[in-house]
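> The structure that follows is given in the form of structure tokens.
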Amino acid sequence: MKRLLTLVLAFALGLAAAAPAHAEGTLDKINQSGVLVIGTRTASPPFAYVNKSNEWVGFTIDLVEQGVLPSLSKKLGKPIKLEKKESTPPTRIPLLTSNAVDLIAGTMTDTRARRDSVDFSITFFVTGAQFLVKRTSPIKGIESIANRRVAAQQGSTNAKIIRERVPTAKLQEFPDQPAAFQALTQGQVDAYTNDGIQLYGLRAKAPKPDDWKVVGDFFSYEPYGMAMRKNDSEFRAAVNNGLMELIESGKYLELYDKWFGPKSETPYPLTPENRRFLIMQVVPK
Amino acid sequence: MLDLSVLVNNFTFLIVQGLLGLGGFTGGTLRLAVPAIVLGFVFGIFVGLARLARARAISLPATLYVEFFRGVPLVMVIFWIWFIVPQLLRVPIPEYGVALTAFVIFEAAYFGEIVRAGIQSVPRGQVEAATALGLTRAQTMRFVVLPQAIRNMVPSLVTQMIVLFKDTSLASIIGYVDLTKAAQIVNNREIRPFELYLFIAVVYWVCTYSMSQVARRFERRPA
Amino acid sequence: MSYKFDWSVLWSGESGGWLLQGLATTLELSVLAWVLAAALGIVSGAMRTVPWRLLRGLATFYVEFFRNVPLLVWMFFWYFGVPPLLPEAVREWLFDHGLPFWAGMFALGVYHGARMSEVIRSGIQSIPRTQFEASLAMGLTTFQAYRVVIIPIALRLIVPPATSESLNLLKNSSVALTISVAELTFQTRQIETYTAKAIEAFTAGTLIYLVLCVGIAIVMTRVERRFAIPGLIARGG
């Protein structure tokens, strides 16, 4: 036991010795390395996923490449490269705070609670939570999930709402979307809840899309934003400028059409309200 | 029932990206396992020698090191290096660095124990004879003890190398695209878990089994 | 922006409860998996030393295949790959009773069973062959000789290597977090997710593992002394 105590002591001392170095802004960091590191998803079509040819693509990744990167390059006066790392709901905030990534650009909902630990860009997509169920399932929405086995992503906003609104639902949390979807395909759960657009994306990419349907009215409001470390207003302004320019120039709509237009795999019309909301976020030059 | 087309279509991705680490993602089982084995062993030799040192100031830290890392799960060590070290030092560590550091630090404790046992397996008489012949302590270690010790260590060393090779699959937890993660990425899309995981099980098996066969041949070679 | 320590996150709010639940799950998972591993290990370890070729081959296949593939792959295999092949009723039962836990238990037990098998085989092989021959001469069948003579002696000989293998099992149970079993490491991360206090959470988790492992090692040293057979030493197999 004495040995153990000495060990603990040595360990604690070691930690104390590793004193943190000076803080620097994200822009300085990017300027030095020439690389913007984003944390994104590998299986959240159509926002960020690995496609059939094993390339990492998606709507959010396009937004970063065509909006945020040019804005950063302009600000720093040199070309900036993009590096992508995988982040999941349980890992994305730790990855940001530990400096492993500079920007979370995937499918993260901006919430007041999360604003305690990170800052968000302007909203780049609006959706709400629904359910993905088997085609033959009797589940119609949040009103019919009492006593049912429901899958959600660990640490997601939807999981929290279900737990509060329908405490009798048997909620099972999974570390990421594929694990939850596999649980659904195996019948381990009766429904999988996530943001509607992601469920449509998942369904479109599923081996047999017709076996599945997305049901229910939105039972939550999910505005997507890109997250970054707190209190770094210069970097945040650069990210926001990039996104605003995309919306203002109409490029956003082109990208929207590419990923969500009538000819895409996941048609998801942009409602007039959402369109106006996006445009109104763009402040004058 | 068994659908092998998923393996055929993604064979290149699984092997070239997952096993070898050549492709668009940071990854590769071999690219991680080979340096981890070499560095872990080298570091382990120092740990093992330090544990046998006469000076307590050297042997005690080495003992604590070994006892500590043999008492915690590797997954925990990976999380420490992934989340906490960058936060304390305020420098980002790429996944490859995280994984390599974690494996080398962790496995050095195990390699250290093997080295120690190997050295202790050399009869004391050998050391005494070498001393009588006028060799210094360092020379005795270098020319008499270590060559014999290493021969005695080979079986446990190879076992540990195989363990380390298998442990590299845990790098997939931090998003390093090794063989396991590559299979996971493909499975997320195709949902053919039985075929994919069985396939990579066989790939891992072929690698580890050939390691043990090479070792067996090496053991049989006369001195 | 430097890190602010706040150790109180470990006992305020739900954290303390999560840690205890995690510890309970880790122990439950490890104990059940250990029983499975010991059973598989004893049977297959003994089978590898019997004079019948077919049984030996079967056991060799099990040991060589299962212990040479990473545990993580087995976790995914048992969790994702196997359930679709099971009969409807079994599957339903598993879905209602926590599939991740049972898949993790099987993965851990079957994997470590193969490793335990090697420990037991070397224990059996270190017993002088005359013991076996003497048993046969006394009129015992091969099966009886194994049951009442060989295996009981082997089990007493292998306490040290079996202990270190059991500790490996305990530590490896943390790999089950990848299939969302809410064991200790999983709960440690949960605390970190909800409190953003990574260092405190991981220190607590690490210390619990350390205390468990060192504690078990100390108890087992006593056990080893108690069960040692004078004159027969199997250390290092």
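> Run through the DSSP bridge list for the range A:129-220 and note the antiparallel percent, rounded to the nearest 5.
Around 55 percent of the beta bridges assigned by DSSP in the range A:129-220 are antiparallel ones.
> Which shape class applies to chain C: rounded if a/c is under 1.5, otherwise prolate when a/b exceeds b/c and oblate if not, where a ≥ b ≥ c are the square roots of the Cα gyration tensor eigenvalues?
Oblate, because a/c is 1.5 or more while a/b does not exceed b/c.
> If you take each beta carbon of peptide C:30-37 and count the beta carbons of other chains within 10 angstrom, what is the mean?
Shielding by partners across C:30-37 averages 0.
> By DSSP, what percent of the beta bridges with both residues in the protein assembly as shown are antiparallel, rounded to the nearest 5?
55
> To continue, here is another question. Taking the range C:138-237, which trypsin sites (Lys or Arg not before Pro) meet the DSSP loop condition and have no more than 16 other C-beta atoms within 10 Å?
C:R235
> Between A:F277 and B:I150, what is the spin-label point distance in nm, taking each point 7 Å from the Cα along the Cα→C-beta axis?
About 6.7 nm separates the two model spin labels.
> May I ask for the angle, rounded to the nearest 10°, between helix B:29-52 and the longest principal axis of chain B, with both axes built from Cα atoms and the value confined to 0 to 90°?
Helix B:29-52 and the main axis of chain B meet at about 20 degrees.
> So for chain A: antiparallel DSSP bridges make up what percent, rounded to the nearest 5?
If I count the DSSP bridges inside chain A, around 55 percent turn out antiparallel.
> Averaged across the residues of A:171-184, what count of C-beta atoms belonging to other chains lies within 10 Å of each residue's C-beta?
Across the residues of A:171-184, the mean count of other-chain Cβ atoms within 10 Å is 4.
> Could you sort the peptides B:123-132, A:228-237, B:102-111, A:126-135 by per-residue average Cβ neighbour count (10 Å cutoff), highest mean leading?
Descending mean neighbour count gives B:102-111, A:126-135, A:228-237, B:123-132.
> Tell me, what HN-Hα J-couplings in whole Hz come from the Karplus equation 6.51 cos²θ - 1.76 cosθ + 1.60 at θ = phi - 60° for each residue of the range B:157-168, using x for Gly and Pro?
4, 5, 4, 5, 5, 5, 4, 5, 4, 5, 4, 4
> Let me check I've understood the local charge: for C:F101, count other residues with C-beta under 13 angstrom from its C-beta, Lys and Arg +1, Asp and Glu -1. What total comes out?
-3
> Also, I was wondering about something else. What relative contact order, as a whole-number percentage, does chain C give when Cα pairs under 8 Å and 6 or more residues apart are counted?
After rounding, I find 30 percent.
> Would you compute, for the Cα atoms of the range B:70-223, the largest minus smallest coordinate along each principal axis and list the three values in descending order, in whole Å?
Computed over the range B:70-223, the largest-to-smallest principal extents equal 68, 42, 23 Å.
> Taking only DSSP H segments of four or more residues, each worth -39500 (n - 2.57), what value at 222 nm results for the protein assembly as shown once the sum is divided by all its residues, to the nearest 500 deg cm²/dmol?
My calculation for the protein assembly as shown gives -18500 deg cm²/dmol from helical runs alone.
> Right, another one. What nm distance separates the two modelled labels at B:A55 and C:V35, each placed 7 Å from Cα along Cα→Cβ?
Placing both labels 7 Å beyond Cα along the Cβ direction yields 5.3 nm.
> May I pose another question? Semi-axes, largest first, in whole Å: what does sqrt of 5 times each Cα gyration tensor eigenvalue give for the range A:83-239?
30, 16, 14
> In addition: For the range C:43-108, state the semi-axes of the equivalent ellipsoid (square roots of 5 times the eigenvalues of the alpha-carbon gyration tensor), sorted largest first and rounded to whole angstrom.
For the range C:43-108, the ellipsoid semi-axes come out as 29, 14, 10 Å.
> Which percent of Cα-Cα pairs in the range A:129-220 sits in each 5 Å bin, short to long?
Once binned at 5 Å, the Cα pair distances of the range A:129-220 give 3, 16, 30, 30, 16, 4, 1.
> Additional query: Report, in listed order, any pair from A:K134/C:K171; A:K170/A:K208; A:K52/A:K258; A:K213/A:K258; A:K81/C:K171; A:K160/A:K213 with a Cα-Cα distance greater than 29 Å.
The answer is A:K134/C:K171; A:K81/C:K171.
> Dividing the convex hull volume of the alpha carbon atoms of the range B:84-140 by its residue count, what do you get in Å³ per residue?
115
> Continuing with this model, one more query. Across the range B:140-147, in residue order, what do the Karplus-derived ³J(HN,Hα) couplings come to in whole Hz, using 6.51 cos²θ - 1.76 cosθ + 1.60 with θ = phi - 60° and x for Gly and Pro?
Per-residue couplings from phi come out as 4, 4, 5, 9, 10, 6, 4, x Hz.
> Another question, if that's okay. What ratio of Cα Rg to 2.2 N^0.38 Å holds for chain A?
Output field value: 1.10.
> Hey, can you rank B:137-147, C:207-217 by average C-beta count inside 10 Å, highest first?
So the order, starting with the most tightly packed, is C:207-217, B:137-147.
> Compute the length gained on full extension between C:V219 and C:V148: take 0.36 nm times their separation in residues and subtract their Cα-Cα distance, giving the result in nm to one decimal.
Length difference between fully extended and current span is 22.9 nm.
> With +1 on the Cβ of every Lys and Arg and -1 on the Cβ of every Asp and Glu, and nothing else charged, how large is the dipole of the range C:7-227 about its Cα centre, in debye rounded to the nearest 20?
Charge dipole of the range C:7-227: 940 debye, to the nearest 20.
> Let me ask something additional. Helix by helix, which DSSP H runs in chain C go 27 Å or more along their axis at the Cα atoms and have an average Kyte-Doolittle hydropathy of 0.0 or more?
C:15-47, C:99-125, C:198-227
> Could you tell me the largest-minus-smallest coordinate of the C-alpha atoms of the range B:50-108 on each of the three principal axes, in descending order and whole angstroms?
So the extents along the principal axes, rounded to whole Å, are 39, 22, 15.
> Show me the chymotrypsin sites (Phe, Trp or Tyr not before Pro) within the range A:156-219 that DSSP assigns to loop and that have at most 15 other Cβ atoms within 10 Å of their Cβ.
When the chymotrypsin sites (Phe, Trp or Tyr not before Pro) of the range A:156-219 are filtered for loop state and at most 15 Cβ neighbours within 10 Å, A:F218 remain.
> I would also like to ask the following. Counting only other residues whose beta carbon sits under 12 Å from that of A:T111, what net charge do I get with K and R as +1, D and E as -1?
Overall, the nearby charge balance is +1.
> Which angle between 0 and 90 degrees, to the nearest 10, do you get for helix B:179-190 versus the longest principal axis of chain B when only C-alpha atoms count?
Relative to chain B, helix B:179-190 is tipped by roughly 10 degrees.
> Once the Cα gyration tensor of the protein assembly as shown is diagonalised, what are the square roots of 5 times its eigenvalues, in whole Å and ordered largest first, as equivalent ellipsoid semi-axes?
Calculated on Cα positions only, the semi-axes equal 49, 31, 23 Å.
> Across peptide C:43-55, what mean number of C-beta atoms from other chains lies inside 10 Å of a residue's C-beta?
0
Coordinate-derived values only; no laboratory data. What you see is a predicted model, and the numbers here were worked out from it, not measured in a lab. Don't worry about glycine lacking a Cβ; one is built from the backbone with ideal geometry, like all the others, and counts go over all protein chains shown.
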